[in-house]
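Each remark here refers to the structure printed beneath this line.
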């Protein structure tokens, strides 16, 4: 079993204004954690830091020996360009790249696994369908199929169920549960607290700082949610970096 993913006093800032502020904690191997919090709380920034896409200004992220390139990451749909003339199978087949590279020809075995992944998310027969013709829910199924092929030990999902229908949400939630059952570490940014309570054993309540991190019923208590909301209402986007940070830089 892999080691935990540990965050030690992690701060990530944009233009010297912290988006994630002094977060410490760990994601246990095989855990399934929802990151929740108000808008602007730093949830997406934290995922990108876990991926290594943005640097930490302070603190350290220990990924337990896992190469960031071996982490499967699903960004928000709004961040994805569906204008390229690609078929569903071509997008899903990108999940093979970590093992065969982007420029090698697909073997019959790899093509078969691509078809199996499409079928696993309810898109049997969609292999040649252009992604530009898909609904939001169908396209999200394609992206989940690609992640199935990545076979990654850690899965990061950024708002995976936003703007998709209830049936697709339920089907894809079963895929997430399958990953958890296989012992993968699953970390998802979510807004639906009822979904979190129903399906995610652990939660990180983030309001730039970690308000609570642990078992979902405790982390999402009424008192913790109220504290997160109060902190969000008190944010000042023009404020300087905190004095604690400046003191550290001078040390």
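The values are calculated or read from the model by the stated rules, or taken from the named source; none is laboratory data. What you see is a predicted model, and the numbers here were worked out from it, not measured in a lab. All Cβ positions, glycine included, derive from the backbone under ideal geometry; neighbour counts span all protein chains shown.
Condition check ((1) closer than 14 Å to residue 155 by Cα; (2) modelled with pLDDT of 95 or more; (3) in contact with a helix residue (DSSP H, G or I) (Cβ under 6 Å, 6 or more places away or on another chain); (4) surrounded by 17 or more Cβ atoms within 10 Å (Cβ to Cβ)) across all residues:
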site	(1), (2), (3), (4)
35	yes, yes, yes, yes
38	no, no, yes, yes
41	no, no, no, yes
53	no, no, no, no
57	no, no, no, yes
61	no, yes, no, yes
68	yes, no, yes, no
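Which is over 27 Å from residue 45 (Cβ atoms) and in contact with a strand residue (DSSP E or B) (Cβ under 8 Å, 6 or more places away or on another chain), of 127, 110?
Answer to the selection: 127.
Restricting attention to the stretch 194-251, which residues are over 23 Å from residue 59 (Cβ atoms), part of a helix (DSSP H, G or I) and modelled with pLDDT under 95?
Across the stretch 194-251, the qualifying residues are 229, 230, 233.
I'd like to check which strands (runs of 3 or more DSSP E) are fully inside the stretch 1-91 and have at least 1 residues that are over 13 Å from the mean Cα position of the chain (by Cα) and closer than 26 Å to residue 180 by Cα.
Values: elements: 5-14, 17-27, 32-36, 58-62, 71-74.
Qualifying strands (runs of 3 or more DSSP E): 5-14, 17-27, 58-62.
Across the stretch 114-148, what is the number of residues that are in a helix (DSSP H, G or I) and either touching a helix residue (DSSP H, G or I) at 6+ places or on another chain (Cβ under 7 Å) or surrounded by fewer than 16 Cβ atoms within 10 Å (Cβ to Cβ) (or both)?
Here is the first cut: in the stretch 114-148, the ones in a helix (DSSP H, G or I) are 114-120, 131-133, 136-148.
This time we only want the ones that are either touching a helix residue (DSSP H, G or I) at 6+ places or on another chain (Cβ under 7 Å) or surrounded by fewer than 16 Cβ atoms within 10 Å (Cβ to Cβ) (or both), so: 114, 116-120, 131-133, 136-137, 139-142, 144-148.
The total comes to 20.
If I ask for residues that are assigned to a helix (DSSP H, G or I), touching a strand residue (DSSP E or B) at 6+ places or on another chain (Cβ under 8 Å) and crowded, with 20+ Cβ neighbours inside 10 Å, which ones from the stretch 151-191 would you list?
176, 179
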